[in-house]
Structures are given as structure tokens and as C-alpha cells.
Amino acid sequence: MKQIAFRGVLLLSLSVALVTLGTLLFTVFQDGWGQLDKTLITGVNSSDPHQAGARPAILATIEMGLLLLAFVVPIGVGTAIYLEEYANKERWYNRLLEINIMNLAAVPSIVYGILGLAFLVRGLGLGRVLLAGAMILTLLVLPTVVIASREALRAVPNSIRQGAYALGATRWQVVWRQVLPAALPGIATGSILALSRAIGETAPLIMIGALTYIAFDPTLLGPFTALPVQIYDWISQSDQDYTLRAAGGIIVLLGILLVLNRVAIFVRNRYQKRW
Amino acid sequence: MSQVETMSESPAAPVTIGDVAVQQAPAAEAFDVRGRDVVFDVQDVTVSYDDDPAVSDVSMKIYKNLVTAIIGPSGCGKSTFIRCFNRMNDLIPSARVDGLIDYHGTDLYGSSVDPVEVRMRIGMVFQKPNPFPKSIYDNVAFGPRVLGMKDDLSGRVQRALEQAALWDEVKDRLKRNALSLSGGQQQRLCIARALAVEPEVILMDEPASSLDPIATTRIEDLMHGLKENYTIVIVTHNMQQAARVADMTAFFSVETAADGAARTGILVEYDSTKRIFTQPSDKRTEDYVTGRFG
Amino acid sequence: MASRSAVAPPALQSSRIRWGELVIKGMLALCALVSVATTVGILIALLQPAIDFFREISVVDFLTGSEWAPLFEPGSFGVRPLVYGTLAVTFVAIAVAVPFGLGSAIYLSEYAHRRTRKVLKPTLEILAGIPTVVFGYFALVFVTPWLRDIGIQVDIFNALAAGLVMGVMLIPTVASLSEDAMQAVPDALRHGAYALGGNRVHVATRVVVPAALSGIVASFVLAISRAIGETMIVLIAAGQQPTLTLDPRRTVETMTAFIAATGNGDVPRGSIEYKTIFAVGLTLFVATYAMNIVATRLVRRFREVYE
């Protein structure tokens, strides 16, 4: 009896999440479906909510996403490899490094926005530009990538390393040829999830000035807005028609994320090993 | 009630350990180590973890093209000792090796010695088979690839698998994942993997302890063939196995310090297998091989 | 096979240092330093203006004052209303995320059949992938009216709607990391426990969860931190009216909402208003950092190590 009750409780937990998700999607689609017209995707923002488009925002989001991957994967995986395979864990500076990363993962995204505001925009003089946005997002999700990569590396059994060392492989050979390939599915999944998170981030971008009225396509070193910021902008307008328009924008955003999610799931299901 | 029979000169004289008659393989005949090449000359070697000695003051010589067995009760540092020969203890930060291990005239732990070069010549097979999560081919080819032995890779792989008596079973499925093999096959794959880099010495740390008796027998038969071309050092807790395969046997035991806390492994006796099992010089050896303890 | 004894004694000396290996190690260490630079950057970014701020406003007034109105003449700089707002939302969020998240994780890891998992996990991941601005939309447009429909008197902007939605948003965070941790527990452990006669409840709660505890607790910490630091849901649905209350039915303003609302506008650089961003930011940072330390200690204390 206890078994069934326990199982029931667990299923209830799951259903809370699922029911809410369903309701949310239903609400969004109910409001936003009628907003999906060509202008939304190909047009620019406008003072008429029915004509408002999000093209600059969409383009900026995609560009930042690509930049993000190019930055965060090498740095994040490199950090993880250093910590797991190279660093002598007895040394205090390596332990500090580990603790630091765990702490950074817990830092609120808005603090990264503050960092961006202070350094990139005003400090480095980059200004409120797309590159600054990409850099801040990189720093934001870097701990996530490091943590996910470390877990993936740790999951590779030590016996594999021992076998490889015993054959005369150097440390990098062991890592590059045996450990990393075995850990790759976990690393890939973690990276894609980090990317998904970054694409949906709004607060840090608001802090570095993405909440502006943009009516032109973004460039790397020019003013920009991002899709979630554009959505927020529309929601916060007093005109209710803008709120509906926001729902349309949400559907577009969710569409992009759905594609990414599919890729991540595909990678995980296809390649995950149970040791 | 010692069951040890006196050694006779006749090769067919049965030797018993306990109540079990032990098959004496031809290679365990009395022979002469004088004149044989010495591969390792171990002098007063002590291995410590965080200053706690795991094995102390070991001195012995390993001879070329022989099977040398290291036996003893658990905890006497056999695995720790054998890992000195291919510098695998280097991978443990808290481990320290004192003393001298002379390998063909060179100090194995000399400051200018590259551990990678060491492991190229001294291979290892582990207790639990640990094939890489790759194809059978890639498993065997890994060593040659990382060591730059790229010529005739397929040939090397085939020869290694043949020497490990695995070729016939896998030659049609080299691309299959190594993890799909049985435990005994995986271990032979690991042996092939070690052979592929053409080492001089093969270290085996209880290679058959996780295998069933049939697979174990195949590994032991393998060793008889391999020692023609390789020097083999094997750690085993199975005395009968040592008696079957080894030419020389070293008996390690545990010494407890005066205060009863520290336990260290020490080499008690090292001699031809026949002597160890029929006419051991040390009483501790006699107690162990007759089953009185351990 | 060629006679091995004919091979000359091998030369073990390798005077060539493996430069490649050193360079690689250096590059990897450099990657690791990026995270150090980030922390240093955050500290400088927060501390410099915050110290300036606290030259004008005393720390005591800041921490104990009960009114937050920095733009008034004269301004009030008591941060407690913002803190209360954050707490109100966070309590609600965690009350939802932790039990339901862990329950989902246990189900997925220990109970669900392969096929069920294949369907449910991606679904939870979809929930995880939904941007916070969408959740904010949902809280404002659906949850608040719904709460009123079921008889709870909430303001148009209120902490309860935001907290509930935030809690659901955090379920995947807890579930995913906990489940990964449980998956990493070797099957051998489970099989051993079953072989000793344990049933599923037993194995799940007494073997797997303890073994995975470090990962599970880490997931809770991440959830709490994200709740405290969450901006968009509260910015959209909880309000921008600092109120000294823990009653989630009222309009509040959280620390994060204040920072976002003030930071996006063009507040003059040296002004006191500009500096409030950093003062509140520092408070936020210290709060989450302190919590993180507590959590790390917890993880260490309860960790069971296998192997």
C-alpha cells in the first residue's frame, strides 16, 4: 500500500509541472496565435501594436546565440578539463577555483547585468552593443557549462584512464582521445541547455541597454534589442493590444527554443551511456 | 600435518597443497636462473602513501622471458609493488617510491626518465577488464596510435589479437563495440591491447580474478605461450594458479608494527616456484602455501 | 615473431620535455582564470559605487529603514521593503519547487519505464527552457485573475502569482539536477540493495537519494538562488511598489525588480539613484553568496561517497 501511495505522490509532483505547462502554453497560444503574421517576423517595431514587428530583435538573438557558443564552449570545457584532469586537488588555488565556479553559478543574472553595465558598457567603453550582450551572456552561463562538463567528465570511469595511461598515453592524449569523447554527449547537452537559457535571458540585457526602441537590423557594435526584451517591452505598455502582440512574439521565441531543445534531446538519447 | 611432499628429482612427482594435487606445468621444472638476463633489479624499494609505507625494503630480480608470480595475503602490497614497474604510482599524488629499480641499467625513477617511455615498454593488464568504449579494433589500435606506431596498423592489431588468442573469435566483428564481448574475451582484448605496443614486459594484476574458471584457464594457457617473447609478472591470490603458470614465485606477507597499527608489506621469500611450494626456506612461506593461514 | 632479446636495451631517457603538454595545461588554466576574472569584476563593479553610496547613507539606515523611496526629496533608503518583497516571492516559489521537483526526479529516475522517461523528461525540459519573461506574462495574464476567481484577494500585481509561477519554473531545475545525480549512482548499488530484499521505495529513498545527495542539495541551492535573483517574473507580475510586508497577496517590489527598473533608464551616472543600483545589488549578492556557503557546507556534511 505504501508503495502505491508513494508512487502516487510522485506522479502528483510531475503532474503539477505538466498541468501548469499545458495551461501556460494554452494561454499563450490562445492570445498569440492570431498575432502571427508576416509583419511580426519581418517588420520592425511600431507605434501601432498591430503593425509591430520583431525582426531586429530576432536577428540579434540569433547572432548573440552563435557568438555565445563560440565563446562559452571552449572556455567552459577547457575549465572543466583543467579542474578534472589536470589540477592537483590538494592545492588551495585549485580548490578556490572550484568554489568560485560553484558560487558564480548561484549569482543572479541581474548581477551579471550590473557587471556588464559597469565594465563593458561604461568601463571598457564598448557601449550598449550586441557584442557586449554576447559577452555578458557568456559569463552568465559559463558556470553552467563548466559544471555540466565536469559531471560529464567525472562520469567517465577511472579504469578507462588507467588503461590508457598504462599504454603510454600522455595526459592530453588520454583526455582528448578517451575521456572527452566519452563525455561528449553530456557536454553537448549541457551546452545546448546553457544556450537555451541564455537566449531567454532578459534582465542582464535590460541592464546594458537593450530596452530601447530599435527600428533597424542589429550590427555587432551597434545598438540592439533582443527578442525577450522586445516581448517585455510590449507587455509593459499600457495598451492591451501590445500585450497580445507580445504573446505573438512569445510564440516565435518558443519556436526557436523548441528547435534547440529537440537537438539537445536527440543528442542525449542517442549517445548517453550508462556505465 | 604438513601435506607438503618432499621434492624429488622426477618431473612427474606430484606436489600437493592441502589436499589438492597440483598440476605441474612443464615450465615449472627446476631450472637455473644463472645466466639469464635480468630485466628488473629491485633494490630496497619502499612505497609509501602519505608517508605510510605500504610495502617495505623489497629486493629481488625479475628475469627475462619467465613468468614471475607475486603471491601473498590481501593487504600485503602486491598491487602497489607491481605498479612500480610501470610507474603507475606516479598518478597517485600521495604515493612515493624510495629505493632503486634498475631496468636494463637505467634507474626507472631517474629524473630524466619519461614515464611514457616506461609504459611503452612495460605494459599492464588490470584486475577488472577495462576495454575502452570503442570498437574492438580501436581498442587494440589505441596504443600504437598514441605512440606513433602508425605503420601497418591493421597488421599490428591482427598480430596482437592472435597472440592473445582472440583473433578467430573477433576477426569478423572488429568494428563492434568492445563492451559487447564477454568478460573473458574482454580481458584477452586488454591483453591484446597491451601487446599491440610490443612491450618487453607485461604486468598482470590478478588478471583472472573476475573471470570464470574456463576463461581463467584460457588466460593461463596464454601466459605459457607469451613468455617466449615477453617477460611476465603476475600478481595472484590464487596459489594453484601461481603453481601452474609461474617459473619464479615471490611470497609477500604483512608485517605489523610494534604498536599494532601500521601494517606494511614485505618480501618474505623469492625462489623458483617448485621450491616455494615444496621446500620453502621460511616458515611463514610454508604456513601460507600449506593453507595454514592467508 | 622476432626474438625480443635481440633488441638493444631501450633508452628510457627522454630529454625532450613534452612542450605540447605544458602549453595545453597553460591554456586550460587560462580558461579557468576567466571565471576568476568574472568574480573579481563583479566585486569591483559592486563595491566601488556601493562604498560611495554608503558614504552618504549609513549602512544602519539602509538595512533597518522601513521605507524605500530613493527618488523623493528627501529620499528614504531603507532596503527592508525590497528584501521583504523578495522573501515573500521566494518562500512561495520554494514551497512549490522543492517537493514537486524532487518528487518528479525520483519518479523519473527510479520508477518510470524507459518509454515514459523518454516522453516525460523532454517535457520537463521544455518547462525549463521557457524564458522567464513568458512566465511573467503567464503570471500577470492568467494566474492573478485565476487566484481571484478561486477567492484569494490579490492585488493586480502581487507576490503570490509571481511566486507560484516561479516555483513551477524552478521544478525542472531541481528535478533535472537531482535526477542526473541519481542516475550517476551506479546500478550495482541498486542491484545490491534489491538483492538484499529492498523494495523500490526503500532503494529510492535509502540508497539512491543518499548517494546522490550532493547533487540533490546542489539543485535546491540553485533553485533558491534563482528564486532570489529572478527578475522578469517579479518585474512583470509582482509590481514596482516597495511595501514592507510578507503577505504575498499584496503588491511589492523585489530587489531585482528595483535594480532592473532603475538600471534600464538613463539615470545620471554619479547620482545617488545610480548608486542605489549597486547598493541593492550588493545586498542581493551578499544574500545569495551567504546562502551558497551554507548550502556547500550542507552538501559536504551529508555526502556519502561510494567507490
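Please work out which residue is nearest to the other protein chains (Cβ to nearest Cβ), limiting yourself to the stretch C:142-157 and to residues that are among the hydrophobic types (A, V, I, L, M, F, W, C) and surrounded by fewer than 24 Cβ atoms within 10 Å (Cβ to Cβ).
C:142
Residues A:22, A:43, A:8: which one is more than 7 Å from chain C (Cβ to nearest Cβ), of a type outside the set (A, V, I, L, M, F, W, C) and within 18 Å of residue A:257 (Cα to Cα)?
Step by step, each of A:22, A:43, A:8 is checked, and only A:22 is more than 7 Å from chain C (Cβ to nearest Cβ), of a type outside the set (A, V, I, L, M, F, W, C) and within 18 Å of residue A:257 (Cα to Cα).
Within the stretch C:199-216, restricting attention to residues that are aliphatic (A, V, I, L, M), within 12 Å of chain A (Cβ to nearest Cβ) and crowded, with 19+ Cβ neighbours inside 10 Å, which residue is farthest from residue C:110 (Cα to Cα)?
C:212
Can you tell which of A:223, A:185, A:218 is in contact (Cβ under 8 Å) with a residue 40 or more places away in the chain and surrounded by 19 or more Cβ atoms within 10 Å (Cβ to Cβ)?
Only one candidate qualifies: A:218.
From the list C:238, C:279, C:227, exactly one residue is within 12 Å of another protein chain (Cβ to nearest Cβ), at pLDDT 90 or above and farther than 23 Å from residue C:52 by Cα. Which is it?
Answer to the selection: C:227.
Give just the number: which of (1) among the hydrophobic types (A, V, I, L, M, F, W, C); (2) in a loop (DSSP other than H, G, I, E, B); (3) within 14 Å of chain C (Cβ to nearest Cβ) does residue B:132 not satisfy?
With (1) among the hydrophobic types (A, V, I, L, M, F, W, C); (2) in a loop (DSSP other than H, G, I, E, B); (3) within 14 Å of chain C (Cβ to nearest Cβ) applied to residue B:132, the lone miss is (3).
Give the stretch A:78-100 a look and list any residue that's modelled with pLDDT of 90 or more, facing another protein chain (nearest Cβ under 7 Å) and either under 23 Å from residue A:174 (Cβ atoms) or out of contact with any helix residue (DSSP H, G or I) (no Cβ under 9 Å at 6 or more places or on another chain) (or both), or say none.
A:78, A:79, A:81, A:82, A:83, A:86, A:97
Somewhere in the stretch A:14-25, is a residue among the β-branched types (Val, Ile, Thr), surrounded by fewer than 17 Cβ atoms within 10 Å (Cβ to Cβ) and at pLDDT 85 or above?
yes
Cβ-Cβ under 8 Å, sequence separation 6+ or interchain: first residue in the stretch B:255-269 and modelled with pLDDT under 80, partner of a type in the set (Asp, Glu). Which pairs?
Partner pairs satisfying both residue conditions: B:262/B:52.
If we scan the stretch C:127-137, do we find a residue that is in a helix (DSSP H, G or I), under 25 Å from the mean Cα position of the chain (by Cα) and more than 9 Å from every other protein chain (Cβ to nearest Cβ)?
No, the stretch C:127-137 has no match at all.
Here are C:160, C:177: which of them is more than 13 Å from every other protein chain (Cβ to nearest Cβ), aliphatic (A, V, I, L, M) and surrounded by 22 or more Cβ atoms within 10 Å (Cβ to Cβ)?
After ruling out the rest, the residue left standing is C:160.
Return yes when residue A:82 is among the hydroxyl-bearing types (Ser, Thr, Tyr), closer than 30 Å to residue C:274 by Cα, crowded, with 22+ Cβ neighbours inside 10 Å and out of contact with any strand residue (DSSP E or B) (no Cβ under 9 Å at 6 or more places or on another chain) and no when it is not.
Here the answer is no, as residue A:82 does not meet what is asked.
Looking at the stretch C:34-81 only, could you name the residues that are of a type in the set (Phe, Trp, Tyr) and in contact with a strand residue (DSSP E or B) (Cβ under 9 Å, 6 or more places away or on another chain)?
Correct list: C:53, C:62, C:68, C:77.
Give the number of residues within the stretch A:117-135 that are in contact (Cβ under 8 Å) with a residue 12 or more places away in the chain and either more than 10 Å from chain C (Cβ to nearest Cβ) or at positive phi (or both).
11
Could we say that residue B:68 is surrounded by 18 or more Cβ atoms within 10 Å (Cβ to Cβ), under 23 Å from residue B:275 (Cα atoms), polar (S, T, N, Q) and within 14 Å of the chain's Cα centre (by Cα) here?
Against the criterion (surrounded by 18 or more Cβ atoms within 10 Å (Cβ to Cβ), under 23 Å from residue B:275 (Cα atoms), polar (S, T, N, Q) and within 14 Å of the chain's Cα centre (by Cα)), residue B:68 qualifies.
Can you tell me which residue in the stretch A:1-36 is farthest from residue A:240 (Cα to Cα), limited to those that are more than 27 Å from the chain's Cα centre (by Cα) and charged (D, E, K, R)?
A:2
Considering only residues that are surrounded by fewer than 18 Cβ atoms within 10 Å (Cβ to Cβ) and of a type in the set (Lys, Arg), look in the stretch C:248-276 and name the one that is modelled with the lowest pLDDT.
Filtering the stretch C:248-276 for residues that are surrounded by fewer than 18 Cβ atoms within 10 Å (Cβ to Cβ) and of a type in the set (Lys, Arg), the one modelled with the lowest pLDDT comes out as C:269.
Please pick out the residue among C:281, C:263, C:239 that is free of Cβ contacts under 8 Å to residues at least 60 places away in the same chain and not basic (Lys, Arg).
C:263
Which number in (1) farther than 25 Å from residue C:221 by Cβ; (2) in a helix (DSSP H, G or I) marks the one condition that residue C:71 misses?
(2)
The values are calculated or read from the model by the stated rules, or taken from the named source; none is laboratory data. On a predicted model such as this, the values are computed, not experimentally measured, just so you know. With ideal geometry, Cβ positions are generated from the backbone for all residues, glycine too; neighbour counts draw on all protein chains shown.
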